[in-house]
Each structure stands twice: as C-alpha cells, then as structure tokens.
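Here's the structure, in structure tokens; my notes come after.
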Amino acid sequence: MEAILSVRNLNFYYGDNRALKDINMDIYKNNVTAFIGPSGCGKSTFLRTLNRMNDFIENVKVEGSIIYEGKDIYSKEMEPVELRRRIGMVFQKPNPFPKTIYENIVYGLRKNGVNKKEILDEVVEKTLKAVALYDEVKDKIYKSALELSGGQQQRLCIARAIAMQPDVVLMDEPTSALDPISTMKIEELVLELKKDYTIIIVTHSMQQAARISDYTAFFLNGEVIEYDETSKIFSNPRDKRTEDYITGRFG
Ligand SMILES: Nc1ncnc2c1ncn2[C@@H]1O[C@H](COP(=O)(O)OP(=O)(O)O)[C@@H](O)[C@H]1O
Ligand SMILES: [Mg+2]
C-alpha cells in the first residue's frame with residue numbers, strides 16, 4: 001500500500017493548548033480514511049494540518065512533519081497555495097460562492113489564469129457528471145448556486161474541489177448538515193471518487209465511517225488511540241477506549 005501522506009511526531013498548539021499529541025499516521029492512496037472521536041478531540045485540527053489550513057489561525061504552532069511526495073509540507077520550499085490545490089477541502093456547511101454553478105466550478109481555474117471557454121465548459125460538464133449532479137442541474141448552470149438544495153450545494157462544493165484535479169480531498173463532516181437522502185448520495189459519491197482521489201473524511205457518525213471508509217483513526221483528547229482497517233476497528237478493536245467509544249459507552 002502506497003502512503004500519500006506520512007505524518008510523523010506531529011504536535012499542534014493553539015497558544016499553550018496542545019491540541020494534537022505525537023501523531024504518527026500513513027494515509028493510503030486511493031483509500032477512504034475516516035477520523036472518528038468525540039467532539040473537541042482534534043479531528044478538524046488534524047485535518048487542517050494536512051493542507052495547512054491552520055496557517056490562517058493566529059498564535060498556533062506545529063511540530064513534527066507531514067511528508068507529501070517526498071517533501072515536508074511545512075518546509076520552506078512548500079508553496080501553501082499549490083499545496084491546497086493538490087489537497088483540496090470540503091467543509092461541514094456547504095459554502096458555494098454567490099455566483100453561478102458554472103463560475104463556482106471554474107473559480108480556481110480562472111484564478112490560475114485558465115479562461116478558455118472550451119476548456120472551462122469541458123471541466124464543468126465533466127465534474128458535474130463526476131459528482132452525479134449533471135442531470136439535476138444541466139439546465140441551470142448559469143443560475144446562482146445558492147438556488148440549489150443543501151445536498152446539491154455540497155456536491156457542487158465537491159465538484160469545485162475536484163475541478164482543480166487534486167490528489168487528496170479532505171472532508172470535514174460533509175454530511176452533518178444534510179438530510180438522509182442527500183447524505184446517502186454523498187456517501188455513494190465518496191465511494192466512486194476514491195478510484196481517482198484519496199479521501200479523508202471526518203465524521204461524527206460511526207455508521208458512516210463503517211459504511212464508506214477503508215481505514216479509521218479513533219481520536220481522543222488530541223491523540224490517535226487506534227488506527228487500523230475499518231473492519232478491524234469496528235469488529236475487533238485493540239484498545240478498550242476504542243471499544244467503549246464504538247459501542248456507544250461515551251461520546
Ligand atoms: N481556532 C481555534 N482556536 C483555539 N482553539 C481551538 C480552535 N479550534 C479548535 N480549538 C480547540 O482545539 C481542540 C480540538 O478541536 P477540534 O479540532 O475542532 O475538534 P473536533 O473537530 O474533533 O471536534 C478543542 O479543545 C478546541 O477547543
Ligand atoms: Mg470538527
């Protein structure tokens with residue numbers, strides 16, 4: 001199995017608060033990796049360290065390394081904007097721009113100077129098809145993205161992320177604001193997307209982790225308590241705390 005990201009001895013601080021403690025983890029290519037654990041245990045913080053989204057928060061400190069394509073993403077040679085193009089992100093609340101569906105998808109391309117209509121048209125069609133939204137929106141791609149339902153908006157945000165042809169897509173509780181049908185569609189989409197991308201998903205739903213992930217990491221108080229194949233975590237966890245969590249004894 002090929003590791004696309006290798007996290008070594010990672011510590012993360014908000015001021016004096018050590019929010020991540022000595023994390024070591026290899027993330028495997030073309031797999032879905034789920035992060036589970038009770039609220040406040042560091043899942044989002046860790047996810048954001050993987051594409052340096054924490055750079056935008058003041059008074060934080062990172063120790064350790066995260067190796068991506070042979071380079072430490074925290075080294076001086078790494079260009080954070082390029083890193084975030086390669087490691088894209090989708091958030092809990094769908095956050096389309098107040099622009100047309102079309103302009104949402106091509107936003108990043110335009111920022112990179114790609115403006116040729118034929119190219120953009122092709123990307124829009126291809127990514128809408130990839131997120132199974134094409135049939136639903138093909139007659140209104142020049143209408144505002146804000147007219148879409150929440151579930152459609154979230155699929156559009158995934159389309160916006162993959163239009164940049166990333167290697168990895170980070171998703172932070174992408175279905176927690178959605179109804180069950182929309183959630184199911186996103187789950188099906190994740191399983192489809194892992195053929196082409198590596199997906200890392202934070203979820204508060206253990207059922208969701210069990211349904212869609214290949215690997216699961218269980219976080220508690222900033223530590224990774226257990227990280228293994230999802231089937232192993234849910235059927236035969238090594239750590240008592242993992243077992244207590246997955247059997248619903250806390251969290
Ligand atoms: N922007 C921030 N500034 C300061 N502390 C933060 C910030 N974001 C998160 N934290 C703290 O870091 C810890 C982990 O939070 P978080 O990563 O959001 O957990 P989770 O996603 O598992 O709910 C919590 O104690 C939280 O209060
Ligand atoms: Mg979170």
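Taking Lys and Arg as +1 and Asp and Glu as -1, the other residues whose beta-carbon sits under 13 Å from that of R241 total -2. Computed 3J(HN,Hα) for the range 150-166, one whole-Hz value per residue from the Karplus formula 6.51 cos²θ - 1.76 cosθ + 1.60 where θ = phi - 60°, is x, x, 5, 4, 5, 5, 5, 5, 5, 4, 4, 5, 7, 4, 7, 6, x, glycine and proline marked x. Each residue in F12, F218, F91 was given a count of other beta-carbon atoms within 10 angstrom of its own, and listing them fewest first yields F91, F12, F218.
Annotation for D239 and D22: the two label points, set 7 Å from Cα along the Cα-Cβ direction, are 1.2 nm apart.
Restricting the calculation to Cα atoms, the range 3-246 yields a radius of gyration followed by a Dmax of 18.1, 57 Å.
For the chain, the mean residue ellipticity at 222 nm estimated from helices alone is -10000 deg cm²/dmol, where every DSSP H run of n ≥ 4 contributes -39500 (n - 2.57) and the total is divided by all residues, rounded to the nearest 500. Across the range 186-195, computed HN-Hα scalar couplings (Karplus, 6.51 cos²θ - 1.76 cosθ + 1.60, θ = phi - 60°) run 5, 4, 4, 5, 4, 5, 6, 5, 5, 4 Hz from first to last residue, x flagging Gly and Pro.
If you take every DSSP beta bridge fully contained in the range 101-251, what fraction is antiparallel? Give it as a percent rounded to 5.
55
Fully extending the segment from I119 to K143, taken as 0.36 nm per residue of separation minus the present Cα-Cα distance, adds 6.7 nm. Under 5 Å between amide hydrogens, built in the peptide plane, is the criterion, and for K99 it picks out A145, L146 among residues at least 5 positions away or on other chains. Net charge in the neighbourhood of S39 (other residues with Cβ under 14 Å of its Cβ; Lys, Arg +1, Asp, Glu -1) is -1. The phi-based Karplus calculation (6.51 cos²θ - 1.76 cosθ + 1.60; θ = phi - 60°) puts the 3J(HN,Hα) values of the range 109-121 at 5, 4, 4, 8, x, 8, 10, 5, 4, 4, 5, 5, 4 Hz, whole numbers, x for Gly and Pro.
Less than 5 angstrom separates the built amide H of F35 from those of I201, V202, T203, A217, all sequence-distant by 5 or more or on a different chain. Net charge in the neighbourhood of D55 (other residues with Cβ under 14 Å of its Cβ; Lys, Arg +1, Asp, Glu -1) is +2. For N11 and S231, the difference between the fully extended length at 0.36 nm per residue and the C-alpha to C-alpha distance is 76.4 nm. Taking every C-alpha pair closer than 8 Å and separated by at least 6 residues, the mean separation divided by the residue count of the range 3-246 gives a relative contact order of 28 percent.
Residues whose amide H falls under 5 Å from that of Y28, counting only those 5 or more places apart or on a different chain, are I4, with hydrogens built in the peptide plane.
Each value in this text was obtained by applying a stated rule to the coordinates, not by laboratory testing. These numbers come from a predicted model, not from an experiment. We place every Cβ from the backbone using ideal geometry, glycine too, and count neighbours over all the protein chains shown.
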